[in-house]
Protein chains: 2
Amino acid sequence: MKELGTEIFSRRRFVQLGAAAAVTASATYGVASEDESKPHRSMMNVAFEKREPRIAMVGLGGRGTSLLKDLLAADAKIVALCDIVQSKAEDAGVLVVKSGQKQPELFTGSDRIYEKMMDRKDVDFLIIATPWSWHAPMALYGMRSGKDVAVEVPGVTTLEDCWKIVKTSEETGKHCVMLENCCYGYNETLILRMIHSGLFGDLLYGEGAYLHDLREELFSNKGEGLWRRTEHTLHNGNLYPTHGLGPVSNYMGIQRGDRFAYLVSMSTPERGLDDYRKAHLQPNDPRMQERYITGDMNTSLIKTAAGLTITVKHTVSTPHPYDRINQIAGTKGIFQDYPARIYFDGLNQDEAWEPVENTPESKWKKYEHPLWTREGEMARKNGGHGGMDYIMLYRLLECLREGLAPDMDVYDAAAWSSVGPLSEQSLKGGSAPVEFPDFTRGEWKKRNASAIATLA
Amino acid sequence: MKELGTEIFSRRRFVQLGAAAAVTASATYGVASEDESKPHRSMMNVAFEKREPRIAMVGLGGRGTSLLKDLLAADAKIVALCDIVQSKAEDAGVLVVKSGQKQPELFTGSDRIYEKMMDRKDVDFLIIATPWSWHAPMALYGMRSGKDVAVEVPGVTTLEDCWKIVKTSEETGKHCVMLENCCYGYNETLILRMIHSGLFGDLLYGEGAYLHDLREELFSNKGEGLWRRTEHTLHNGNLYPTHGLGPVSNYMGIQRGDRFAYLVSMSTPERGLDDYRKAHLQPNDPRMQERYITGDMNTSLIKTAAGLTITVKHTVSTPHPYDRINQIAGTKGIFQDYPARIYFDGLNQDEAWEPVENTPESKWKKYEHPLWTREGEMARKNGGHGGMDYIMLYRLLECLREGLAPDMDVYDAAAWSSVGPLSEQSLKGGSAPVEFPDFTRGEWKKRNASAIATLA
């Protein structure tokens, strides 16, 4: 209550926050209030229709193909595949046939061919693993064509699209799940269980990040290099917030008793991509003409309605060992990853971190997540990213097959994705505070934990 | 230039930032402009009068006594000692006599007795290691009585006092040095030299912190427990910013070609001290009536005039292994402490951190700071905090004895200390951006590196 009071106090401030922030507020509120005036049915806790889903996929580059392999390992039924590049669709089709299923129908060759696939009546579920700018139109078309959809991260990249996926999900009664694999990592699920066992006391703060040197990939002539570098010419802010933010949001119960209230953001200048191309490209290379505006490091601070704070960082254009930080702290203890280490009040004499290792002897083994106990071996054998991809898709299929609500719904997709455009707006206002829209319109108070935390 | 443009753009925003921020701006500017209208002589690069300084100390508790031991080990001449508690002054006097010097005059028994000591004509230099609220009045009185002064961290705790020490230093021509020992740590000085050798490329961002579980000390009935807990009933913000911020400021050349432009700040709720006393005090203990308002974790983001960003964190009321983070990153590499680790572009195949160890075999040994090469053995034998206290005082004495300018001047003390009150102001404005006053009035552009970086 005290902290909700604080939130209201803070809200009062925002209307005084001048040009940039005011624009922001009205922009988000404009949509919000317009939206609130409309009747809508919340998609919170809405179960999938129970069935063995017939799955169609669009986007079969590196990421899509990796997802497909995990799906096939989990005996998912793949009925159709779409990629603008024919050979990618064909190669994926070969994998499906090899797995013992019949040849899926291939849709390829043009930008909008995915619509034909999504129109099919014999498809129940769509998986979208295309470049970021295609996520929103494809997810919206998919839901409108009567399919539940799952979209890769970052779900969407504008505040308007955050609202569109929410409204379209509510209007169609179809789910829009974001494929935030990091929420299913071994450590992430272990810590989530330890938090719900009370080991950390009252949570206070957390930190998540995407610190990954992608300079070589961004200048590659294949894969993400074909489109992802362009994002660095369009936006200054956190381009890719959900890997770090998703797990911390689950720890804190965001959209489950708490929600993001407001954010401030700060970026460094851009130097990394300029330096890299100077060292690696010819002076006459057309890419030398691109103008990059994404600051090399973006740091954003999020305040929740309950007063907790989250630090979110993003750099893909500077030398840095891979790190998602994945930190959570409460009144009784703190965990941080890379490497995984933990400290609890009085844990040891010299107030030192203790490593958290995934071994049978680990003192924390009893908190291992049941999904990992059940499927860990399969996950490590098949799964991308140390198995988290397999666990995520296995669990998604479980929810579809058993007719459960998805662990991550459209409100999570919207809230986690909104940090991208909101960080951009804060920067334009000289790091001014920017409010989060309440995509749930109050429903966030009605549940209290991620299903990942509570499932047996 | 481009980034100075950005700064100006941001400045424009501030006047639009509404209630809280506007108050802030006028408050800081009020003083600033009043000040600019006055003639003043900058104390930047002003040398100490060359002599063997006759030193008087006020505050001989745990910290003051530790400093005294280091001073005696460096053959400093101690002529007078002051503490309100007679026994503390007497015990310190015994140490001075034991070192072979004659009995220093003791000033004790009353609040203002330090003024009598500072009035003495046979004192050249004052060292102040008293509770925070006494730093400003003692430093001001000391300078006005014609002495150069050194004050413990955090130098001062209000923006008004930041300006007062600057103006008084300029009016009296006496220095006000803040004893920021962390600027002299082995790793801090090593990394500063590596930065000036160009190993990190163009600097982009850094992070400093004071993450130190002081709950037991804060509730102790002696030492800092007698007064430091009170600060938690008075201010919400970063109470103790300089240990983390000083070294990062030296890396970036703050007041030396760059300066702090603005900050935003965010705090968690306060839970730690409440939980601790509930577990450790009797219900009828008078301390159960205290109301703590300092959020357990404060995170502040600072933007510099050149566009670089600094994250500053503070928690002393939650379980956490000791950590100052001490991170600095540029276009070519990154360093972070606790434990000390480094990564440079292409340093190794798997893009992994390499430990930085202080061993003769260390590949970074050639960057060891000359102060540590010269005095490291003495420092480790005598010095508090792994030797950094000795190195700091040895260097301070060197500057006094050789008639050099101090490494850290009143402008550093004011800028680093101002993060405390500015974080408090930002929080009151709902994390609104708050501008830093330019305590140097433009002089920050006239030098380009900390003397610690360049001395041979």
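The values are calculated or read from the model by the stated rules, or taken from the named source; none is laboratory data. Only a predicted model underlies this, so the values are computations on that prediction, with no experimental measurement involved. No Cβ is skipped: glycine too gets one built from the backbone with ideal geometry, and neighbour counts run over all protein chains shown. For accessibility, only protein heavy atoms count, side chains too; no ligands or nucleic acids. Shrake-Rupley method; radii C 1.70, N 1.55, O 1.52, S 1.80 Å.
Answer with yes or no whether residue B:313 is within 11 Å of chain A (Cβ to nearest Cβ), under 28 Å from residue A:430 (Cβ atoms), open to solvent by 10 Å² or more (accessible area, probe 1.4 Å) and touching a Gly at 6+ places or on another chain (Cβ under 8 Å).
yes
For residue B:343, all conditions in the list (1) under 22 Å from residue B:253 (Cα atoms); (2) open to solvent by 20 Å² or more (accessible area, probe 1.4 Å); (3) of a type in the set (Ser, Thr, Tyr); (4) free of Cβ contacts under 8 Å to residues at least 12 places away in the same chain hold save one; what is the number of the exception?
(2)
Kindly indicate which of A:396, A:400 is away from chain B (no Cβ under 14 Å), within 28 Å of residue A:211 (Cβ to Cβ) and in contact with a strand residue (DSSP E or B) (Cβ under 7 Å, 6 or more places away or on another chain).
A:396
Just to be sure I understand, how many residues within the range A:351-366 are away from chain B (no Cβ under 14 Å), surrounded by 14 or more Cβ atoms within 10 Å (Cβ to Cβ) and farther than 18 Å from residue A:182 by Cα?
The qualifying residues number 2.
Confirm whether residue A:244 is of a type in the set (Gly, Ala, Ser) and either outside any helix (DSSP H, G or I) or within 11 Å of chain B (Cβ to nearest Cβ) (or both).
Here the answer is no, as residue A:244 does not meet what is asked.
Restricting the first residue to the range A:203-223 and requiring it to be under 30 Å from residue A:254 (Cβ atoms) and in a loop (DSSP other than H, G, I, E, B), which pairs with a second residue that is among the hydroxyl-bearing types (Ser, Thr, Tyr) and open to solvent by 30 Å² or more (accessible area, probe 1.4 Å) meet a Cβ separation below 7 Å and a spacing of at least six or different chains?
Qualifying pairs under 7 Å: A:212/A:322.
Tell me, yes or no, whether the range B:50-62 has at least one residue that is of a type in the set (D, E, K, R), in contact with a Phe, Trp or Tyr (Cβ under 8 Å, 6 or more places away or on another chain) and farther than 27 Å from residue B:217 by Cβ.
Checked the range B:50-62: at least one residue is of a type in the set (D, E, K, R), in contact with a Phe, Trp or Tyr (Cβ under 8 Å, 6 or more places away or on another chain) and farther than 27 Å from residue B:217 by Cβ.
Return yes or no: is residue B:243 touching a residue at least 40 places away in the same chain (Cβ under 8 Å), open to solvent by 10 Å² or more (accessible area, probe 1.4 Å) and within 16 Å of residue B:412 (Cβ to Cβ)?
Yes; evaluated as a whole, the condition is true for this residue.
Do we find that residue B:375 is in contact (Cβ under 8 Å) with a residue 12 or more places away in the chain, open to solvent by less than 90 Å² (accessible area, probe 1.4 Å), within 14 Å of chain A (Cβ to nearest Cβ) and not hydroxyl-bearing (Ser, Thr, Tyr) in this structure?
For residue B:375, the condition - in contact (Cβ under 8 Å) with a residue 12 or more places away in the chain, open to solvent by less than 90 Å² (accessible area, probe 1.4 Å), within 14 Å of chain A (Cβ to nearest Cβ) and not hydroxyl-bearing (Ser, Thr, Tyr) - is not met.
What residue, among those in the range B:292-308 that are in a loop (DSSP other than H, G, I, E, B) and farther than 18 Å from residue B:428 by Cα, is nearest to the other protein chains (Cβ to nearest Cβ)?
B:307
Being more than 11 Å from chain A (Cβ to nearest Cβ) and in contact with a Lys or Arg (Cβ under 8 Å, 6 or more places away or on another chain) is the requirement here; does residue B:287 meet it?
Here the answer is yes, as residue B:287 does meet what is asked.
When you look at residue A:41, is it modelled with pLDDT under 95 and open to solvent by 20 Å² or more (accessible area, probe 1.4 Å), yes or no?
yes
Looking only at the range A:183-197, decide whether some residue is over 22 Å from residue A:258 (Cα atoms), of a type in the set (Phe, Trp, Tyr) and over 13 Å from the mean Cα position of the chain (by Cα).
yes
With respect to residue A:386, is the statement that it is touching a helix residue (DSSP H, G or I) at 6+ places or on another chain (Cβ under 6 Å) and either under 20 Å from residue A:49 (Cα atoms) or small (Gly, Ala, Ser) (or both) true?
no
Could you grab me the full set of residues in the range A:319-337 that are facing chain B (nearest Cβ under 9 Å) and within 14 Å of residue B:352 (Cα to Cα)?
Within the range A:319-337, A:319, A:320, A:321, A:322 qualify.
Only one of (1) surrounded by fewer than 24 Cβ atoms within 10 Å (Cβ to Cβ); (2) in a loop (DSSP other than H, G, I, E, B); (3) touching a helix residue (DSSP H, G or I) at 6+ places or on another chain (Cβ under 7 Å) fails for residue A:452. Which number is that?
Of (1) surrounded by fewer than 24 Cβ atoms within 10 Å (Cβ to Cβ); (2) in a loop (DSSP other than H, G, I, E, B); (3) touching a helix residue (DSSP H, G or I) at 6+ places or on another chain (Cβ under 7 Å), only one is false for residue A:452: (2).
Cβ-Cβ below 8 Å, separation at least six or inter-chain, first residue in the range A:149-163 and open to solvent by 10 Å² or more (accessible area, probe 1.4 Å), second part of a strand (DSSP E or B): which pairs?
Pairs that qualify, where the first residue is open to solvent by 10 Å² or more (accessible area, probe 1.4 Å) and the partner is part of a strand (DSSP E or B), are A:152/A:128; A:152/A:178.
I'd like to check something: does the range B:183-201 contain any residue that is surrounded by 23 or more Cβ atoms within 10 Å (Cβ to Cβ) and among the basic types (Lys, Arg)?
No, there is no match, as no residue in the range B:183-201 is surrounded by 23 or more Cβ atoms within 10 Å (Cβ to Cβ) and among the basic types (Lys, Arg).
Could you list, ordered by first residue, the pairs with Cβ atoms under 6 Å in which the first is in the range B:421-435 and within 9 Å of another protein chain (Cβ to nearest Cβ) and the second is assigned to a helix (DSSP H, G or I) and at pLDDT 95 or above, at least 6 apart or interchain?
These pairs meet every condition: B:432/B:426.
Among residues belonging to the range B:326-340 that are open to solvent by 10 Å² or more (accessible area, probe 1.4 Å) and under 19 Å from the mean Cα position of the chain (by Cα), point out the one that is farthest from residue A:317 (Cα to Cα).
So, considering only residues that are open to solvent by 10 Å² or more (accessible area, probe 1.4 Å) and under 19 Å from the mean Cα position of the chain (by Cα), the one farthest from residue A:317 (Cα to Cα) is B:337.
Could you tell me which of the residues B:253, B:257, B:237 is on the phi > 0 side of the Ramachandran plot, at pLDDT 95 or above and within 14 Å of another protein chain (Cβ to nearest Cβ)?
Matching residue, one of B:253, B:257, B:237: B:237.
Would you pick out the residues in the range B:241-279 that are of a type in the set (Ser, Thr, Tyr) and within 14 Å of the chain's Cα centre (by Cα)?
B:242, B:249
Just checking: which of the strands (runs of 3 or more DSSP E) contained wholly in the range B:309-399 hold 2 or more residues that are touching a Ser or Thr at 6+ places or on another chain (Cβ under 7 Å)?
Because the criterion is at least 2 residues that are touching a Ser or Thr at 6+ places or on another chain (Cβ under 7 Å), the strands (runs of 3 or more DSSP E) in the range B:309-399 that meet it are B:309-315.
This table checks each residue for (1) outside any loop (DSSP other than H, G, I, E, B); (2) touching an Asp or Glu at 6+ places or on another chain (Cβ under 7 Å); (3) open to solvent by 10 Å² or more (accessible area, probe 1.4 Å).
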| position | (1), (2), (3) |
| --- | --- |
| B:401 | yes, yes, yes |
| B:406 | no, no, yes |
| B:414 | yes, no, no |
| B:419 | yes, no, no |
